[in-house]
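Enquirer: Before anything else, here's the structure in question.
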Amino acid sequence: MRALTWHGRRDVRIDTVPDPQIKDPTDVIVRITSTGICGSDLHLYEVLGPFLDAGDILGHEPMGVVEEVGPEVRTLQVGDRVVVPFNVSCGTCWMCGQGLHSQCETTQNRERGTGGSLFGYTKLYGQVPGGQAELLRVPFGDTLPIKVPDGPPDDRFVYLSDVLPTAWQAVEYAAVPPGGTLTVLGLGPIGQMAARIALHRGASLVVGVDLVPERLDRAAARGVKCLDLRRHGKDLPDVIRDLTDGRGTDAVIDAVGMEAHGAPVARAAQWVTGLLPDPVAERLMETAGVDRLHAVHTAIDVVRRGGTISLSGVYGGAADPMPMLTMFDKQIQLRMGQANVRRWVDDLLPLLTDDDPLGVDDFATHRLPLEQGPEAYKTFQDKGDGMVKTLLSP
């Protein structure tokens with residue numbers, strides 16, 4: 001089959017690789033019809049090379065049609081249409097029973113001290129082959145894939161793999177009170193969708209912050225009060241307080257993570273880390289870290305006293321100390337973590353209706369064949385051509 005594979009920093013390629021096979025009796029093989037490029041895929045493209053091997057298949061936002069089922073699969077059959085969550089979760093362990101599918105005890109990577117495995121996402125999370133490919137082996141066939149109806153285009157359902165549950169959890173964790181206010185830092189795919197969800201759920205004001213004009217325009221068209229970081233810079237917290245009676249918003253979602261702009265030391269550290277030999281770079285990331293917490297520090301500044309910060313942006317490695325005195329003084333609540341995809345499916349499926357309240361049908365800015373995946377990664381990294389969300393079709 002054809003698949004998008006990692007070969008080095010900013011070097012991904014389309015290769016011919018062996019087809020996946022049924023290994024366990026509860027496996028299914030899915031022929032992929034659509035697969036997204038996620039902002040966190042850029043972390044693999046740019047900085048997480050020490051935790052990848054040449055030839056690793058990337059991608060964790062796939063959907064498709066079941067092509068083969070293991071002998072113990074009971075709820076799916078060949079021809080069923082499914083979305084594959086990015087968490088490799090069993091659905092039956094204690095953690096999954098608590099709705100913490102990202103902490104699945106069956107697939108936890110205890111030797112790395114990390115949570116449940118993820119499709120297409122490094123040795124830190126199981127080194128499981130990803131979904132930017134023609135075929136994908138999916139374990140736990142009765143409890144992991146999300147069966148969806150035939151008829152609507154893939155765009156209606158594919159975001160159940162990551163974007164929708166990640167954004168929904170970010171808003172849930174933000175705990176915006178009824179009629180409350182929210183700041184979303186970063187208007188990439190997750191930030192865009194989180195802003196839409198917050199407005200759908202009744203927020204009276206959603207402030208979106210970014211520095212890419214196309215992203216700002218896209219969010220503004222959905223009713224978000226957009227602030228251009230290039231214009232407001234260090235005055236951003238004061239501008240947000242001016243919009244909220246001097247207090248700051250009730251909650252802040254950090255949808256930026258390790259790629260925060262305005263942190264040149266971070267960019268330099270990430271660049272240097274990508275050039276180091278893997279064993280050295282791996283130790284550096286796990287101890288010294290490569291992150292600067294520019295976005296989360298901004299969140300701490302702009303959230304009102306007694307407010308909540310929800311972190312959905314990915315941070316990797318150790319990082320600068322948190323401003324604990326300020327957080328304590330402001331009585332800030334902080335929630336974070338990988339999305340527990342299966343936890344939120346029942347909340348989201350009713351919204352994927354004919355009236356499409358979250359605008360999923362036109363959420364993708366680019367639809368490209370899988371063979372153009374390497375070019376799409378470069379464009380996305382460069383924030384070029386107005387690219388916010390890309391779907392690849394194998």
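The values are calculated or read from the model by the stated rules, or taken from the named source; none is laboratory data. Only a predicted model underlies this, so the values are computations on that prediction, with no experimental measurement involved. Virtual Cβ from ideal backbone geometry, glycine too; neighbours counted across all protein chains shown. Just the protein is used for accessible areas: all its heavy atoms, side chains included, with ligands, DNA and RNA removed. Shrake-Rupley method; radii C 1.70, N 1.55, O 1.52, S 1.80 Å.
Enquirer: Of (1) more than 23 Å from Thr379 (Cβ to Cβ); (2) assigned to a loop (DSSP other than H, G, I, E, B); (3) at pLDDT below 95, Gly39 satisfies all except one. Which?
Expert: All conditions are met except number (1).
Enquirer: Quick test for you: out of Gly151, Gly179, Gly91, pick the one residue that is part of a loop (DSSP other than H, G, I, E, B), in contact with a Ser or Thr (Cβ under 7 Å, 6 or more places away or on another chain), at positive phi and without any contact (Cβ under 8 Å) to a residue 60 or more places away in the chain.
Expert: From the options Gly151, Gly179, Gly91, the qualifying one is Gly179.
Enquirer: If I ask for residues that are over 15 Å from the mean Cα position of the chain (by Cα) and either of a type in the set (Phe, Trp, Tyr) or within 22 Å of Gly257 (Cβ to Cβ) (or both), which ones from segment 174-196 would you list?
Expert: Scanning segment 174-196 gives Ala174, Ala175, Val176, Leu182, Thr183, Arg196.
Enquirer: So which residues in segment 63-85 are open to solvent by 10 Å² or more (accessible area, probe 1.4 Å), in a loop (DSSP other than H, G, I, E, B) and not polar (S, T, N, Q), if there are any at all?
Expert: Pro71, Glu72, Val73, Arg74, Leu76, Val78, Gly79, Asp80
Enquirer: Separate question: Could you please find all residues in segment 1-32 being under 20 Å from Glu67 (Cα atoms), open to solvent by 30 Å² or more (accessible area, probe 1.4 Å) and either among the basic types (Lys, Arg) or under 20 Å from the mean Cα position of the chain (by Cα) (or both)?
Expert: Arg2, Lys23, Arg31
Enquirer: Wholly within segment 250-342, which helices (runs of 4 or more DSSP H) include no fewer than the required count, namely at least 3 residues that are more than 20 Å from Gly186 (Cβ to Cβ) and either open to solvent by less than 60 Å² (accessible area, probe 1.4 Å) or at pLDDT 85 or above (or both)?
Expert: 264-275, 278-287, 324-329
Enquirer: Another question, if that's okay. Looking at Val163, Val206, which one is open to solvent by less than 20 Å² (accessible area, probe 1.4 Å), without any contact (Cβ under 8 Å) to a residue 60 or more places away in the chain, touching a helix residue (DSSP H, G or I) at 6+ places or on another chain (Cβ under 7 Å) and not small (Gly, Ala, Ser)?
Expert: After ruling out the rest, the residue left standing is Val206.
Enquirer: So which of Leu48, Leu76, Leu118 is modelled with pLDDT of 95 or more and either within 20 Å of the chain's Cα centre (by Cα) or within 26 Å of Gly257 (Cβ to Cβ) (or both)?
Expert: Leu118
Enquirer: Which number in (1) farther than 18 Å from Gly337 by Cα; (2) buried (at least 24 other Cβ atoms within 10 Å of the Cβ) marks the one condition that Val171 misses?
Expert: Of (1) farther than 18 Å from Gly337 by Cα; (2) buried (at least 24 other Cβ atoms within 10 Å of the Cβ), only one is false for Val171: (1).
Enquirer: Another question, if that's okay. Could you list all residues from segment 154-171 that are part of a loop (DSSP other than H, G, I, E, B) and either closer than 28 Å to Gln333 by Cα or among the polar types (S, T, N, Q) (or both)?
Expert: Within segment 154-171, just Asp162 meets the criteria.
Enquirer: Turning to a different aspect of this structure: Name the one entry in Leu348, Leu358, Leu391 that is part of a helix (DSSP H, G or I), at pLDDT 95 or above and open to solvent by less than 40 Å² (accessible area, probe 1.4 Å).
Expert: Of the residues listed, the single one that is part of a helix (DSSP H, G or I), at pLDDT 95 or above and open to solvent by less than 40 Å² (accessible area, probe 1.4 Å) is Leu348.
Enquirer: Failed condition for Asp382, given (1) touching a residue at least 24 places away in the same chain (Cβ under 8 Å); (2) charged (D, E, K, R); (3) open to solvent by 60 Å² or more (accessible area, probe 1.4 Å), with all others met?
Expert: Going through the list (1) touching a residue at least 24 places away in the same chain (Cβ under 8 Å); (2) charged (D, E, K, R); (3) open to solvent by 60 Å² or more (accessible area, probe 1.4 Å), Asp382 breaks only (1).
Enquirer: Do you know which of the residues in segment 106-119 that are touching a strand residue (DSSP E or B) at 6+ places or on another chain (Cβ under 6 Å) and crowded, with 24+ Cβ neighbours inside 10 Å is farthest from Ile29 (Cα to Cα)?
Expert: Gly116
Enquirer: Another one. Restricting to segment 117-146, what's the tally of residues that are small (Gly, Ala, Ser), assigned to a loop (DSSP other than H, G, I, E, B) and in contact (Cβ under 8 Å) with a residue 60 or more places away in the chain?
Expert: Total meeting the criteria: 4.
Enquirer: With the condition kept exactly as written, say whether any residue in segment 205-212 is closer than 14 Å to Thr308 by Cβ and hydrophobic (A, V, I, L, M, F, W, C).
Expert: Scanning segment 205-212 turns up no residue that is closer than 14 Å to Thr308 by Cβ and hydrophobic (A, V, I, L, M, F, W, C).
Enquirer: Another question about this same structure. Could you check, for segment 190-202, whether at least one of its residues is surrounded by 14 or more Cβ atoms within 10 Å (Cβ to Cβ), small (Gly, Ala, Ser), modelled with pLDDT of 95 or more and part of a strand (DSSP E or B)?
Expert: no
Enquirer: Still on this structure, I have one more. Go through segment 224-242 and give me each residue that's free of Cβ contacts under 8 Å to residues at least 40 places away in the same chain, of a type in the set (A, V, I, L, M) and either under 19 Å from Gly179 (Cβ atoms) or assigned to a strand (DSSP E or B) (or both).
Expert: Scanning segment 224-242 gives a single hit, Leu227.
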